[in-house]
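Written below as structure tokens is the structure these notes are about.
The values are calculated or read from the model by the stated rules, or taken from the named source; none is laboratory data. Quick caveat, the model's predicted, so the values are computed rather than measured. Because the Cβ atoms are built from the backbone with ideal geometry, glycine has one as well, and the counts that use them run over all protein chains shown. Protein only, heavy atoms only, side chains kept; ligands, DNA and RNA dropped before computing areas. Shrake-Rupley method; radii C 1.70, N 1.55, O 1.52, S 1.80 Å.
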Amino acid sequence: MGWVRAMMAALVALLALQAPPARAQTGEGRDLALEALRMEFERDGRTGTTEQLAGMFAQACNRGYNLACRHSTWQTDGRPDPHKAEAVFTPSCEAGDEVACLVMGWSLDAIAQTQTPDDRDRTWRRAARQLKESCDDGFQPACHDYAEYLLHNKGVVSDPAPALRRWRTACDKGYWPSCATLSELYLSGEAGVKPSEATSRALADKACDGGYAQGCFLLGQFDDAHWPVDRLDKFYGALCDEGHRESCWRLARFYHDGIFKEPTEGRLEGLFERGCDLRQPRSCFEAGRWKLDHGGDVSAAAQRFGKACSLGDSAGCSAQVDLILSGQASGGVREAFAAFDTACEARQSVQACSQLAYALLAGVEVPRDAERGRKLLERVCVGESSDPEACTALGRAYEEGLGVERDRTEASKYYRWACASGRIDACERRGDLLVSDVGVRRDDHEALNMYERACEGGIARACTEAGSILYIATFVKQDLARAAELFGKGCEGGHAHGCYGLGQVQERGVGGTPDMAAARASYEKAIALGSLEAKRALARLLWNGYGGHKSKGRAKQLSREACQSGDAVACRGPAFL
């Protein structure tokens, strides 16, 4: 039997020579996948285009790393989704895949950023436990990430000393991101590290020699102020081409700020575009502004501004909102909620706040949040010179109790500010509040002023209400001539009660002499506009022959119509009117 075992051993050895072990293939594929993952999750200031990343994952898949074959399963709209990634990578992590555990940690960290403090700490602690376990097994990328948890108190007690030890160990073992991190700490003096430019430079140099782009970027900043333009362009241009987005932006700044003239036409614009492709926020904003300033496609500029906004650049949000509100770009609060929200919260755009507030109060374009809508309006409406539309909406919110306890006194104040700025409907609404005597002190004199301003602005009902105050004269001196004038404007504007009120004044007579014929004509206009009161009033004149011939048949008809429409007095018949 010995010869059989010898033959089997020889066969195994032969097969081993013909094909590399599956484990070796998986290891190579794992390393390729780790590089792609670090770029996709933007762990090192580098990223790549969609096509570039897809190619890297395909290569890792072909080399045996199975998770790389499932690249699309953890994405949403072409970007890694932390919830999906956590679900995809957790089973492989539990099976002992250190790279999967690393990505699971990144995903949990991203999820934690969106959670409440208690849930966030629990999520962080889960990630920290897994990273520590992988670190204790000697996986330096996990040590690097776990050190960050220790330094920044993310679910574990903050302790800079062990964090620094892990970074130093990882750096000594050739994990260049840790060298770059230490370089930054020695330059800033954070985490209790004594500042040392020499140490910082040496660490950056070490990381750069290892081929780590962020290390080269840090190293360049020590001396680039003294470099000629050709050296700057070559150094940062190479890093930019490699996918290091901040290098694209730093080089662009030398040209954009006028420190150097761009070496070739289009170089600056190209750097903006490349930086934007690599998701550098300010590059996207400048790329959009470049297109607007140089007569480019407005829709392309809006797209760049939108991308800048999505990457957290508030100026990009404001620029996108400005294009939308000016009608130069399509969309609204529904389509660009984040832009309006960010531009408002960053105090970049008052208009963004007001438009967002209107949408939140209405609850049509976005889920209704009346309380937040009202608070946003209070940022916009702060005095008589404020946006009158915002002040009107705020007045309505307080009048109707939208997102706040009803307060008609506050409502009256905001309507007054809006009215002072020319918003005539606010004048009318304030007039209504002042004569209501509900929740606000009645003031017929001020109400008359409000109604007259609204009347001058073309609101027919306001003319009628002003006329009524002067005609009824409960708290002001009666002025029939002015009342007739105001009722007349209301009537001309198509307000039925204005015509009826004019008829009432004409029956009494402005100068003491009634004009029943004119009253008849006014009541006819009021009836045509739908006034029940005018039907009863005209029925009385027709029955008695006031202002013209008698017409008892028409009088009965008008009384019957008024009665059927709910006028109880008219039900008694025209003889009793």
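Overview of results
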item: For SER551, residues with placed amide H under 5 Å, excluding near neighbours; result: TRP543, GLY545
item: Positive minus negative residues near GLU42 (Lys, Arg vs Asp, Glu; Cβ under 15 Å); result: -3
item: C-alpha center-to-center spacing [the stretch 349-366, the stretch 51-115] in angstrom; result: 37
item: Percentage relative contact order, the chain, counting C-alpha pairs under 8 Å, at least six apart; result: 4
item: Within the stretch 291-444: Cβ-based charge dipole about Cα centre, in debye rounded to nearest 20 (Lys, Arg +1; Asp, Glu -1); result: 160
item: Selection from THR409, GLY422, TRP227 lying farthest towards where the dipole of the chain points positive, charges on Cβ; result: THR409
item: Cβ-defined net charge surrounding SER178, 14 Å radius [Lys, Arg +1; Asp, Glu -1]; result: +2
item: Prolate/oblate/rounded call for the stretch 338-431, Cα gyration tensor, a/c under 1.5 rounded; result: oblate
item: Cα→Cβ-extended label distance, 7 Å offset, between GLU184 and LYS556, nm; result: 9.6
item: Formal net charge of residues neighbouring CYS216 (Cβ-Cβ distance under 10 Å; K, R +1; D, E -1); result: -3
item: Dipole-positive endmost among LEU532, ALA473, ALA462 within the chain (Cβ charges, Cα centre); result: LEU532
item: Spin-label zone in the stretch 40-76 - amide nitrogen under 20 Å from a point set 7 Å from the Cα of HIS152 along the C-beta vector; result: 40-47
item: Electrostatic dipole magnitude of the chain [Cβ: Lys, Arg +1; Asp, Glu -1; Cα centre; debye, to 20]; result: 2080
item: Extension gain, GLU35 back to ARG508 (0.36 nm per residue minus Cα-Cα distance, nm); result: 160.9 nm
item: In Hz, Karplus ³J(HN,Hα) per residue of the stretch 506-517 (6.51, -1.76, 1.60; θ = phi - 60°; x = Gly, Pro); result: 5, 5, 6, x, 4, x, x, 10, x, 10, 5, 5
item: Most to least accessible of ASP425, ASP515 (protein chains only, probe 1.4 Å); result: ASP515, ASP425
item: Over the chain - Rg/Rh using Cα atoms and the Kirkwood inverse-distance radius; result: 1.25
item: Computed label-point distance, nm, for sites VAL364 and ARG253 using a 7 Å Cα→Cβ extension; result: 4.5
item: For the stretch 162-172, Karplus couplings with θ = phi - 60° (6.51, -1.76, 1.60), whole Hz, Gly/Pro x; result: x, 5, 5, 4, 5, 5, 5, 5, 4, 5, 4
item: Options ALA343, LEU278, GLY316, ranked by Cα towards positive dipole end of the chain, top entry (Cβ charges); result: ALA343
item: Residue list for the stretch 219-244, given a label point 7 angstrom along the Cα-to-Cβ vector of LEU311 and an amide N cut-off under 18 Å; result: 236-244
item: Partner lysines for LYS552 [C-alpha distance under 21 Å; skip if fewer than 8 residues away on the same chain]; result: LYS525, LYS535
item: Relative contact order of the stretch 382-430, pairs being alpha-carbon contacts under 8 Å that are 6 or more residues apart, as %; result: 40
item: Compactness relative to 2.2 N^0.38 Å, alpha carbon Rg of the stretch 86-182; result: 1.03
item: In order through the stretch 178-195: 3J(HN,Hα) via Karplus (6.51 cos²θ - 1.76 cosθ + 1.60), integer Hz, x for Gly, Pro; result: 5, 5, 5, 4, 4, 4, 5, 5, 5, 6, 8, x, 6, 6, x, 7, 6, x
item: Amide H contacts under 5 Å for GLN280, placed H, 5+ residues apart; result: none
item: Amide H within-cut-off set for GLY401, under 5 Å, with H built and near neighbours excluded; result: ASP407
item: Label-point separation in nm, GLU524 to VAL438, each point 7 Å along Cα→Cβ; result: 3.8
